[in-house]
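The structure appears right after this line, and notes come after that.
Just so you know, all these numbers are worked out from the coordinates, no wet-lab data involved. Predicted, not measured: the structure shown is a model, and the values here were computed from it. A quick note on method: Cβ atoms are made from the backbone with ideal geometry, for glycine too, and the neighbour counts reach across all protein chains shown.
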Amino acid sequence: MKKYRKLHQGTEIANGTTTLLNVVKALGEYLTSEEDGVRTKGVDFLSSVLKLCPSERLNRQSARVLTKFYCSKLEDFDTIIPALKGLATLTTLPTSTEEDVPEILKAVFSHVKMKAIVQNVRFMVYTIIDTLMSRHREVLKSMNDSFISQYVALAEGEKDPRNLLVAFAIARVILIEFDISKFVQSLFDITFCYFPIMFRPPPNDPYGITTEDLRLALRQCLCATPHFGPLAIPEFLEKLQAGSPATKQDTLETMSICFPVYGSSLARENARKLWNALKLEIFQPTDPVTEAKALTTTQDLVKTIYSSGQDSPSEEIEGLAKDACEECINILRQPERSQAKPAIKILCAFMSTTPSISRYTLSQTVPHLIKLFTSPDNISARPSILLLLSDLIAAARDSKSKSEDSESALTPYKDEVIGILASGLKTSSSRQPALACLLGMVSTKNLLSNEELGFIVHNVNEILEADTETINDASSPAIKLLSSISTLAPHQIREQTLPLLFSSLPDRAPGRDAVTDRVKSWRVLSALNALCSEPELFETFVIRLLTKLDLLCFPAVLDDDKEPTAAYAHSILTTIYQTVLVKADDGHVDLVKYIESLVPRLFNLFVYSAFVYEGNSIANDTRLVAVGGQIITVVVRSLAQQRQESYASVLFSAYMDGELKKIAEGQQSIPASVDFKPFSELVTPVQRNLITLFSAGIIGLRKEVKIPVPNLSEFLATILSWSLSGTDNDLQREAGWQIISSMCNKHGDDASAFLQANLDQFWPDQIANPDVAPSTRQQALKAWIWISKALLTANRSLSSQYTNRLFEVFGDERINWVAAKGFGNTVSANHVLTKQNHAVIKLLYAQKFINQLLPRIMDGAKDSSRPVEQVAYLVALTSLISTVPKALYVHKMTELIPLLIRGLDLPENAIRSKVIDTFLAVAGGDSPDKSLVSEHAASLVDTMLKNSSVKEMPSVKVRTSALKYLGILPHIVRSDILRPLKARVIKDLGVALDDPKRSVRQEAVDARTNWFKFDA
Amino acid sequence: MPGEIYNPNPTIFRTESPSSSSRLAQKRSLWINDDESTDVEENDEIEAIDQDEIYDLIRHIYDPEHPNTLEELRVVSAPQITVSGNLIKVEFTPTVPHCGMSTMIGLTIRVRLMRSLPSRFKVDIVVKPGSHESEHAVNKQLNDKERVAAALENPLLLKTLEESLDGINQRNPKD
């Protein structure tokens, strides 16, 4: 009722039917009543109305009167609260002017006893002062001394975080803008007494003030004036010494901000004391975070001390930087000891202070390390010396500030450094750190000349060459180094390294038992892959490897055992594929031209092998053909539309009309007599495999490229029927289905007759028809799923008709598992319908699919009235869930978990493994206080233990995943739920500790450790 | 724990990366990148627990005195471990002969192995002969079942031990 009246009055004033004056008049006797309670209510009523009243309705005259009124009410104990409320509103109004300020302040300072009022009332006091500070700062400043002294008295002892935030803001203004010379100590007292902030917000804090808010606000006060410096430093030192890690970190951060404000002379005076304290945090760190912050603070200290000095290159460094450098360098005399590491960290930190300190540090440290390295007493410490040097080189590189083109600070020392590194490379123990140094130097701008890069390449080659046995140890950092050089000076690599690598690739495959040789050739290939993506190098790479392939596929002498050769050729093709892929990802434009060279050479190799070569060429191996296809796809998809059009037309004329000439070209010439008809029934399986290359050339075509066939639907129908009746193996079938899938995705409209005919005839005749052989029906289903997938990704209208058909065969045990798994296959990503292959991929297609189907599938999986179908639904569910991101189903998790647990009983290891992986995926982001799996913990533990024992579970993958999940459980489920299971889990995991496979044992150890640890 | 530091500035050694060469050499396949395609289901070859595996279990234990691992300080090394049948012998080298932490280190190694090895193994833990001034006493303490059990009843000891083992899972490189 009362509230309503206030509101009513507020509106009436707003629309002019009454005035505030009338309200005051009407309130008259209430405002002055003898009765305390009535007076309080009266003033409160007025303040509430004032708050609702629009500011323009209050003229200067009324503001003045109200100010006087409220100030007088502050004297009256019973009206303090409502009067402050009124003033809090009044001071914000434009008609409240500076004229009122002295009176308000006088009344507040003399009558309000902060200790006697509660937090939210004190908040009003701070708000009033804060408002005056922002609106009438000049008036406050004119009062300077009297204002500060009274404010300090008022604010002293405040404890509430919300009030402190305002108080800190007020204090910062005073510290910066007022003359505080007489009040340094008292202002210091009312701010530093809060340092460090120990406040922890209560749970469900309505104001949401964090520790960090307070820290930052206070820090702004502490660093507001240089006057605080002499008082603050002892304070900081004490907190740093005695504090918890959190306090130390807060202190370090605060010091970093304060040093520049407190000024260089103060920093210089206290340098020793500060350095001693900071040093302790670096040499005996409590934790890595504190250590890192101490390093930063040291940098800021050094920057502050040396900020005033001119930055002339010849100046002498005196004081802290010199002392600290000497101290650290002294420690470095024992480079292999543990203290050397923090010492080098400090020196590295100096690199990012001022240019002159950075130069000074290098001039002291680098010669020192070089001297250590060359001293005969230190041979065993050389690896440690180079490791320290590599840190310094990296720090010098990363410190290089603004001046982009200036020479590197390391330049004066580079000759000597390269000298010791070249010698360091020669010994195996110091090789890795030497490589790290070189990598640091190579990645420093404006440091090394072309000749020096050449020299480095030369030296690295020597280790590659000499140390064939231990190539593995150095190879990856060495190759990384060469690879960074390959972008700066490719010719150095081409001229020096490539000949070496190619010559160490054998012309004949390592024998079946020559494991070391085989591993070595793999290493060389992976090195080539890492080095040869630059255009200049790639060209050589392709030519050399294709030549090698020709030699392997068409040898002068035939090997009895062909498999090693086939595997070797396969590894070469794989390397080409990987490099081509890197180039495509990096958008190299030179890739396009390889449609003229690499691709025809590959076609030639495979066609010649299958159609001309006498004896079974190793290139006929399906694995080789498959990789060959992958290379072709990457090159074709990188072409522009026009070039794709012309390529598609020669590709089709080759496969449809036998016009080979335009797609194949190479060393082995294919006679014109060859009848190239891979789709014909008369060709051999090996020849038929080449359909894979056809498919590979098609799936990367853009959707704008017209398929050069008279009628697409007829073409697709032919391919489909060929895939089911004319093929010999999975490679061929998949090739056919990939062609169909890619075309249905990109050319759905042209294929509509084909798509409709499938629904009308193909499904009933080939799939739903129980008279057809189950194996054929399964293949037909797989083709069906490929088409569904194409339609779903492109979001075509027939899509759901295709998927819904799958449910129809759930009752048929001969094919229902294939159909059920189809749900996962339909929605999962594959390598054919990708963005890179220019497939049509609609946004959120997977989400739609899940939303449509998940409820139905879940219901089916719960319905036990038809057991055969129920299992199929369960298989569908597991396949679906395990292929999509968890965001799509996580909202159904509570319902899904019992079903997934049942999935772990399905008699197929691949499914179980996928289900556990799903649990693992769901576990990410789960935490004990709101775990999704808590209530199922016992049954999960049960089934995971069962799946982790080698007696019950032959699959290594399942055992590994199950153990991984057991290891995660203590992190995601509350300990009181797991406690009753602990003893049993620890006992049963003992079995997995004795697993025959090492990788499984390792998981078991980790899982068991976690179970020991929780609740210990 | 007592405030005395037995060795304030120990030598740090470079750690060896797990040798990939032996692992690749063990790979019997002729084909590169063969890992994903063939699940090892039918492969019932037994990989026995060996020296390296035990070393992997203990190399990442932290020294109670330094932020370094036993491997970095060369307190343990692979050649100092022998496995014969169900008997395992682990020898370790204290960084200084008067190191008062030796028993603690040995105890930590014992607990780690107790938790990580199948119960069929008997484990002997000894300091390297001649590397410690009270070698005999340390060895006795470490290999006496009852003394070990008694030590593990001590909450302060247990706390130090758990700290040395803290995060040991994360430090194990998996691949």
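Shape class of the range A:459-557 from the alpha-carbon gyration tensor: oblate, with a/c at 1.5 or above and b/c at least as large as a/b. Placing +1 on the Cβ of every Lys and Arg and -1 on the Cβ of every Asp and Glu, with no other charges, gives the range A:421-512 a dipole of roughly 240 debye about its Cα centre. Summing charges over all other residues whose Cβ lies under 10 Å from the Cβ of B:Ser102, with Lys and Arg as +1 and Asp and Glu as -1, gives -2. The Cα center of the range A:421-435 and the Cα center of the range A:590-621 differ in position by 43 Å.
About its Cα centre, the dipole of the protein assembly as shown is roughly 2560 debye, where the only charges are +1 on Lys and Arg Cβ and -1 on Asp and Glu Cβ. Can you give me the C-alpha center-to-center distance between the range A:143-195 and the range A:29-100, rounded to a whole angstrom? The range A:143-195 and the range A:29-100 have Cα centres separated by 27 Å.
The angle between the Cα long axis of helix A:598-607 and the main principal axis of chain A comes to about 40°, on a 0 to 90 degree scale. Each Cα pair under 8 Å and six or more residues apart adds its sequence gap; the mean of these over the residue count of the range B:49-168 is a relative contact order of 27 percent. In terms of distances greater than 24 angstrom between alpha carbons, the cross-link table entries A:Lys279/A:Lys341; A:Lys159/A:Lys303; A:Lys182/A:Lys303; A:Lys293/A:Lys930; A:Lys892/A:Lys930; A:Lys789/A:Lys914 yield A:Lys159/A:Lys303; A:Lys182/A:Lys303; A:Lys293/A:Lys930. Quick check: from the Cα gyration tensor, does the range A:709-884 come out rounded (a/c under 1.5), prolate or oblate? In terms of gyration-tensor shape, oblate. Taking +1 at the Cβ of each Lys and Arg and -1 at the Cβ of each Asp and Glu, which of A:Leu978, A:Phe754, A:Pro54 sits farthest along the dipole of the protein assembly as shown towards its positive end, judged by Cα position relative to the Cα centre? The listed residue farthest towards the positive side: A:Pro54. Note on A:Asp179 and A:Gln641: their simple-model spin labels are 7.8 nm apart, each label 7 Å out from Cα toward Cβ. Of the beta bridges DSSP finds with both residues in the protein assembly as shown, what % are antiparallel, to the nearest 5? About 50 percent, rounded to the nearest 5.
Each of A:Leu693, A:Ser646, A:Thr516 was placed along the dipole of the range A:505-700 (beta-carbon charges, centred on the mean Cα), and the one lying farthest toward the positive end is A:Thr516.
Ranking A:Val636, A:Phe183, A:Val915 by Cα position along the charge dipole of the protein assembly as shown, where only Lys, Arg, Asp and Glu carry charges on their C-beta atoms, puts A:Phe183 farthest toward the positive end.
Listed from fewest to most Cβ neighbours within 10 Å, the set A:Cys193, A:Cys348 follows the order A:Cys193, A:Cys348. Between A:Phe679 and A:Ser828, the modelled labels are 3.0 nm apart [label points 7 Å from Cα along Cα→Cβ]. Going from the fewest other Cβ atoms within 10 Å to the most, the residues B:Met114, A:Met944 appear in the order B:Met114, A:Met944. Here A:Ser265 and A:Glu103 are evaluated by their C-beta separation; at R0 = 51 Å the FRET efficiency comes out at 0.70. Summary value for chain A: 4 percent relative contact order, contacts being C-alpha pairs under 8 angstrom separated by 6+ residues.
Within the shell defined by Cβ-Cβ distances under 10 Å, the residues around A:Gln779 carry a net charge of +2, with Lys and Arg each +1 and Asp and Glu each -1.
Neighbour counting of Cβ atoms within 10 Å sorts the residues A:Met124, A:Met255, A:Met198, fewest neighbours leading, into A:Met198, A:Met124, A:Met255. Inter-chain Cβ neighbour count for A:557-564, averaged per residue, equals 1 (cutoff 10 Å, partner chain atoms only). Going by the alpha-carbon gyration tensor, a ≥ b ≥ c the square roots of its eigenvalues, is the range A:643-782 rounded (a/c under 1.5) or, if a/c is not under 1.5, prolate (a/b greater than b/c) versus oblate? Oblate.
With the helix formula -39500 (n - 2.57) applied to DSSP H stretches of n ≥ 4, chain A reaches a computed 222 nm mean residue ellipticity of -21000 deg cm²/dmol. Compute the separation of the alpha-carbon centres of the range A:555-575 and the range B:93-148 and state it in Å as a whole number. Taking the Cα centre of each part, the range A:555-575 and the range B:93-148 sit 53 Å apart. Sites listed here are trypsin sites (Lys or Arg not before Pro) in the range A:940-1016 whose DSSP assignment is loop and whose Cβ has at most 10 other Cβ atoms within 10 Å: A:Lys951. Summarising the strand pairing of the range B:49-168, around 45 percent of its internal DSSP beta bridges are antiparallel.
Relative to the longest principal axis of the Cα atoms of chain A, the long axis of helix A:355-374 makes an angle of roughly 50 degrees. Summing charges over neighbours of A:Glu895, with a neighbour being any other residue whose Cβ is under 11 Å away from its Cβ, gives +1 when K and R count +1 and D and E count -1. Spin-label model, A:Ser244/A:Ser134: points 7 Å from Cα along the beta carbon direction are separated by 3.4 nm. Under the convention that each Lys and Arg Cβ holds +1 and each Asp and Glu Cβ holds -1, the size of the dipole of the range B:71-161 around its Cα centre is about 320 debye.
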